[in-house]
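Asks: The structure follows.
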Protein chains: 2
Amino acid sequence: MAPSDITTRARIRDAAIEQIARKGYGVSMRVIADAAGVSLGLINHHFGSKDGLRAACDDHVLETIMNVKSETMRGGAVAAMAALGKMEEYVNPTAYCLRAIAAGGDVAQRIVDHFVADAKAWVGEAVADGTLRPSVDEEARIRLMTLQGFGAMQLFLSQRVGSADAELGPAGLNALLDDYLNEYGLVMLEMYTFGLFASSDMFDAFRAAGPNPRATTTEEH
Amino acid sequence: MAPSDITTRARIRDAAIEQIARKGYGVSMRVIADAAGVSLGLINHHFGSKDGLRAACDDHVLETIMNVKSETMRGGAVAAMAALGKMEEYVNPTAYCLRAIAAGGDVAQRIVDHFVADAKAWVGEAVADGTLRPSVDEEARIRLMTLQGFGAMQLFLSQRVGSADAELGPAGLNALLDDYLNEYGLVMLEMYTFGLFASSDMFDAFRAAGPNPRATTTEEH
DNA sequence: TAGTGAACTGAACAAGCGTTCAATCACGGA
DNA sequence: TCCGTGATTGAACGCTTGTTCAGTTCACTA
């Protein structure tokens, strides 16, 4: 796509998304202006303020991610991010999402919620056809696994990349996702297949003593 | 302990640890100086620079955490943080650790490494006495569970607390840990007890196709 | 008692940040 | 052709940041 095929406003927004994906939300507007090839004042002319620019970036990335075919999402947060990070058109949105999740707040919440909502559908199917075991609290299980999936990846990233503001380019992101799956893919599957405890004593005790779960099924294990 | 029982240097360091625990590493030196009741210049007199102060805080918190009895650590990252956060003397170091983990880099690495090293011992025992199942790669399994434990808690925190720099006091930390266990404790145990997949097809396929794990045992499931 | 050095302060500094704004440029309609 | 409106620039502003430093206080020692 030639540079002139796209609005200046969109070009600024895309440059901002790429810079934030690479360096985090702390990146200065002057760096973004340079990357977009425009002056500092023009950004404020189009977006009003840094917050305005950030909001526009957030919205655009979220819209992009939400339009990804649900098929790609199957397998949960980790598999989805790994798949998206490999596609050139999605590498910036993917890295941007990781930055947004690290920063916390509203966007992180919305990203997690989107993945949870998406997972509910296919997990429901998988439970119905017997591929996955049912849960005492399906919503909580899905949400926990999403938090664990994103969270572990996040930590792996922030340790590998140095500080939280260190630069992370497309190549770095791909290497990172590869390494993550190579190192932990097998034990992740092992964990999800056999669990950790040899007996259900702990679970039974906690279930008997703890507060009532908002049970979605009464199925027995 | 009366204020005069402790050196000024230590008082500054402790104030810095508390402020960083509450507000994150981004907190300004002027805020720390106010909290410690000293002038801005004195901090630089004692610590040379902001980095120097941060290093001193990092070291002190790490030393504190590492001296916690291994008994408290049993149960992994989540259980340990929940237990430590409840003890008044450890509430600041605990919150500080969460901030450090969020910030990434060297300290995060050292904290995770410490928990992993500690877990190796008691997981080894638990596997030996039949409480926990053995793994195809014990080191990776422990590390993954530590990353997942910290990571999920981190995400839960950053979503609940708003932005990553939002204030988090001792009361907030405790409420947060309680809520986390209430919401996810049961499904966490369920997950660790029964796993997720109904069959071992996925695991077997991945194990057959994937690269050789750095297997520590050749036990069969 | 005089002197020495560490603890400590307050003011100033340079650099970076987001924001503002007057001035220019380009271009389509009257 | 002229005019007006939106795009665009560059310089400046105010604020906050970490850092520096000359000067003051004060306890201890020779």
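Values in this text are rule-based calculations from the coordinates and carry no lab data. Owing to the predicted nature of the structure, the values given are computational and were not obtained by experimental measurement. FYI the Cβ positions are ideal-geometry reconstructions off the backbone, even for glycines, and counts take in every protein chain you see.
Asks: Going by a ≥ b ≥ c, the root eigenvalues of the Cα gyration tensor, does chain A fall in the rounded group (a/c under 1.5), the prolate group (a/b larger than b/c) or the oblate group?
Replies: Judged from the Cα gyration tensor, chain A comes out prolate (a/c at least 1.5, a/b above b/c).
Asks: Dipole of the range A:68-221, Cα-centred, from +1 at each Lys and Arg C-beta and -1 at each Asp and Glu C-beta, to the nearest 20 debye?
Replies: It comes to approximately 200 debye.
Asks: What FRET efficiency comes out for B:GLU89 versus B:THR131 if R0 is 30 angstrom and r is the Cβ-Cβ distance? Round to the nearest 0.05.
Replies: Efficiency at R0 = 30 Å is approximately 0.50.
Asks: Could I ask something else about it? What FRET efficiency do you get for B:THR8 and B:ARG160 if R0 is 30 Å and r is their Cβ-Cβ distance, rounded to the nearest 0.05?
Replies: 0.25
Asks: Which shape class, rounded, prolate or oblate, goes with the range A:1-61 when its Cα gyration tensor gives a ≥ b ≥ c as root eigenvalues, a/c under 1.5 marks rounded, and past that a/b bigger than b/c marks prolate?
Replies: Rounded, because the longest to shortest axis ratio a/c is under 1.5.
Asks: What gaps in nm, shortest first, separate A:ALA128 from its twins in the other copies when you place the label 7 Å past Cα toward the beta carbon?
Replies: Copy-to-copy label distances at A:ALA128, shortest first: 4.9 nm.
Asks: Separate question: If you build a Gaussian network model of chain A, linking Cα atoms that sit under 10 Å apart, which residue out of A:ALA80, A:ALA208, A:ALA128 swings the most?
Replies: Among A:ALA80, A:ALA208, A:ALA128, the largest mean-square fluctuation in the Gaussian network model of chain A belongs to A:ALA208.
Asks: Right, another one. In whole Hz, what ³J(HN,Hα) sequence does the range B:66-80 give by Karplus (6.51, -1.76, 1.60; θ = phi - 60°), x for Gly and Pro?
Replies: Calculated HN-Hα couplings, in order: 5, 8, 5, 4, 4, 4, 5, 7, 3, x, x, 4, 5, 4, 5 Hz.
Asks: Also, I was wondering about something else. Which GluC sites (Glu not before Pro) does the range B:158-199 hold that lie in a coil by DSSP with at most 14 other beta carbons within 10 Å?
Replies: Qualifying residues, ordered by number: B:GLU167.
Asks: If you don't mind, there's one more thing I want to ask. For chain B, what does the relative contact order come out to in percent, with C-alpha contacts under 8 Å and a separation of six or more?
Replies: RCO, chain B: 23 percent.
Asks: Another question about this same structure. How far, in nm, would the chain grow between B:ALA198 and B:ASP106 when pulled straight, counting 0.36 nm per residue and subtracting the alpha carbon separation?
Replies: Here the answer is 29.2 nm.
Asks: Considering only A:LEU177, A:LEU168, A:LEU144, give the residue with the highest GNM mean-square fluctuation for chain A, with springs between Cα atoms whenever their separation is below 10 Å.
Replies: A:LEU144
Asks: In Å and from the alpha-carbon atoms only, list the Rg and Dmax of the protein assembly as shown.
Replies: When restricted to Cα atoms, the protein assembly as shown yields Rg and Dmax of 22.9, 69 Å.
Asks: Taking the Cα centre of each part, how many Å lie between the range A:103-156 and the range A:24-66?
Replies: 30
Asks: Quickly estimate the mean residue ellipticity at 222 nm for chain A, helices only: each DSSP H run with n ≥ 4 gives -39500 (n - 2.57), and the total goes over all residues, rounded to 500.
Replies: Per the formula, -23000 deg cm²/dmol.
Asks: Moving on to the next point. What number of lysine-lysine pairs in chain B show an alpha-carbon separation below 24 angstrom, given a sequence spacing of 8 or more or placement on distinct chains?
Replies: Qualifying lysine pairs in chain B: 4.
Asks: For chain B, take the longest principal axis of its alpha carbons; what is the angle in degrees between that and the long axis of helix B:138-160, to the nearest 10 within 0 to 90?
Replies: Tilt relative to chain B: about 50 degrees.
Asks: Further question: What does the extension gain come out to for A:ALA208 and A:HIS45, with contour length at 0.36 nm per residue minus their alpha carbon separation?
Replies: Contour length minus the Cα-Cα distance gives 52.6 nm.
Asks: For chain B, set up a GNM with springs between Cα atoms under 10 Å and report which of B:VAL116, B:VAL27, B:VAL61 has the largest fluctuation.
Replies: Most flexible of the set in this elastic network: B:VAL27.
Asks: Next question, about the same structure. Based on Cβ point charges of +1 for Lys and Arg and -1 for Asp and Glu, what charge dipole magnitude is obtained for the protein assembly as shown about its Cα centre, in debye rounded to the nearest 20?
Replies: Here the protein assembly as shown has a charge dipole of around 1340 debye.
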